[in-house]
1. Does segment 188-209 hold any residues that are in a helix (DSSP H, G or I) and either surrounded by 22 or more Cβ atoms within 10 Å (Cβ to Cβ) or of a type in the set (A, V, I, L, M) (or both), and which are they?
2. Considering each residue of segment 152-166, count those that are in contact with a helix residue (DSSP H, G or I) (Cβ under 7 Å, 6 or more places away or on another chain) and surrounded by fewer than 23 Cβ atoms within 10 Å (Cβ to Cβ), and give that number.
3. Of the residues in segment 117-128, how many are in a loop (DSSP other than H, G, I, E, B) and surrounded by 17 or more Cβ atoms within 10 Å (Cβ to Cβ)?
4. Look at residue 217 and say whether it is within 27 Å of residue 168 (Cβ to Cβ), buried (at least 16 other Cβ atoms within 10 Å of the Cβ) and over 17 Å from the mean Cα position of the chain (by Cα).
5. Does residue 257 satisfy the condition of being in contact (Cβ under 8 Å) with a residue 40 or more places away in the chain and in contact with a strand residue (DSSP E or B) (Cβ under 6 Å, 6 or more places away or on another chain)?
6. Which of the numbered conditions does residue 223 fail, given that it passes all the others? Conditions: (1) part of a loop (DSSP other than H, G, I, E, B); (2) within 29 Å of residue 154 (Cα to Cα); (3) among the charged types (D, E, K, R).
7. Report the residue count in segment 67-88 for those that are closer than 15 Å to residue 33 by Cα and in contact with a Ser or Thr (Cβ under 7 Å, 6 or more places away or on another chain).
8. On the given criteria, is residue 114 touching a residue at least 40 places away in the same chain (Cβ under 8 Å) and part of a strand (DSSP E or B)?
Amino acid sequence: MRSVYLLLYCFCLVGCSTTFSDDPALWEYDRGSLPKADMKLNIAGLGPCTDNPDRTLHLNSMEPVTILVHGCFASAGRFRALAEVFAFHGQQAACFNYDDRDSLMVSSKQLISAVKKLNAAIPNKNFTIIGHSQGGLITRKALIRERESSLTGEDINLSLVTISAPVGGIAAADHCGSTFMQVATLGLIVPVCYAISGGKWYEITAQSDFIQKPGKLVPQVRDYLKIVTDEKNTCRRLDKDGSCTEDDYVFSVEEQYMNAVDQDKRLNNVELQAGHVEIVGDHKIAPRKLITILQNQGYIPQTSAKRKNDLENLLVVLYGLK
């Protein structure tokens with residue numbers, strides 16, 4: 001029984017509960033250098049990168065679309081500022097929203113459906129899908145061949161980016177996948193794991209087929225950038241004297257590698273030291289490292305010299321750096 005309590009303590013660190021912003025001031029964002037929208041779409045799960053209850057997408061039908069997929073403790077509004085950074089560079093973004101207590105197979109199926117509907121509605125067939133953390137697991141699983149309703153037959157060009165995704169399984173959840181622990185706790189560990197993590201409780205363990213049999217990406221994926229964050233000695237919050245009050249460590253480097261995933265010839269691993277939240281930005285943290293990587297890899301245009309000051313000013317405003 002002590003093991004169950006230990007599991008409850010440790011696994012709470014990676015449990016999920018989606019949060020939303022109900023502040024109307026955060027329900028819109030500056031479309032920056034985006035071309036004028038010429039179509040409106042309502043697609044289940046897909047909408048603007050805000051928590052606006054109106055989930056109508058306003059897109060230019062002739063331009064590519066970047067789809068952002070959030071991780072735990074998040075929602076579409078999590079990427080509101082990042083969507084504005086994309087807009088600054090002339091790129092339109094949409095965000096995929098899902099219940100982060102659902103099975104990852106369910107969430108990835110919902111993403112497949114949303115991408116298919118978007119692809120059917122928009123003449124431009126070029127999409128980049130970017131998933132952070134758990135969103136990276138969902139994103140990659142949505143783009144594999146070995147599943148029902150895959151994107152294999154679609155006329156579509158895809159680029160995949162995963163960021164800080166535990167493709168090797170979440171170490172803190174190992175007890176949930178342990179046969180020994182199920183026997184030792186007389187099966188009590190299963191409802192505990194479900195209560196903490198929801199329908200994905202077993203999928204996120206290293207022992208699951210979800211992790212051990214990741215599948216091969218559909219041929220429409222032209223390239224795959226996997227950003228691996230070394231999160232040791234990172235800090236999310238500092239107090240007034242500069243001491244760290246909350247670290248930014250969630251997943252180890254080892255949790256972010258998996259041979260069956262990494263052997264894909266389309267994949268490019270980029271490893272860097274960055275915190276789990278730092279890499280995508282948060283209040284008081286601008287995602288400069290992510291922007292640099294995406295620009296160096298060709299996913300965001302390089303910022304022209306005459307606009308660099310404008311970008312820096314935008315980051316200051318968006319991420320509350322004043």
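1. Of the residues in segment 188-209, the ones in a helix (DSSP H, G or I) are 189-200, 209.
If the condition is that a residue be in a helix (DSSP H, G or I) and either surrounded by 22 or more Cβ atoms within 10 Å (Cβ to Cβ) or of a type in the set (A, V, I, L, M) (or both), then 189, 190, 192, 193, 195, 196, 197, 200 are the ones that fit.
2. Restricting attention to segment 152-166, the residues satisfying the condition of being in contact with a helix residue (DSSP H, G or I) (Cβ under 7 Å, 6 or more places away or on another chain) are 154, 156, 160, 162-166.
Filter once more, keeping what is surrounded by fewer than 23 Cβ atoms within 10 Å (Cβ to Cβ): 154, 156.
Residues that pass the stated criteria total 2.
3. Total satisfying the criteria: 1.
4. Values: within 27 Å of residue 168 (Cβ to Cβ): yes; buried (at least 16 other Cβ atoms within 10 Å of the Cβ): yes; over 17 Å from the mean Cα position of the chain (by Cα): yes.
For residue 217, the condition - within 27 Å of residue 168 (Cβ to Cβ), buried (at least 16 other Cβ atoms within 10 Å of the Cβ) and over 17 Å from the mean Cα position of the chain (by Cα) - is met.
5. On the way: in contact (Cβ under 8 Å) with a residue 40 or more places away in the chain: yes; in contact with a strand residue (DSSP E or B) (Cβ under 6 Å, 6 or more places away or on another chain): no.
When the stated conditions are applied, residue 257 does not pass them.
6. The one condition residue 223 does not meet is (1).
7. As a first pass, look at segment 67-88 and keep what is closer than 15 Å to residue 33 by Cα: 81-88.
Then keep just the ones that are in contact with a Ser or Thr (Cβ under 7 Å, 6 or more places away or on another chain); that gives 86-88.
Going through segment 67-88 one residue at a time, the tally reaches 3.
8. Values: touching a residue at least 40 places away in the same chain (Cβ under 8 Å): yes; part of a strand (DSSP E or B): no.
Judged against the criteria, residue 114 is not a match.
The values are calculated or read from the model by the stated rules, or taken from the named source; none is laboratory data. Note that the coordinates shown come from a computational prediction; the quantities given were computed from them, not determined experimentally. Glycine also receives a Cβ, built like all others from the backbone with ideal geometry; neighbour counts cover every protein chain displayed.
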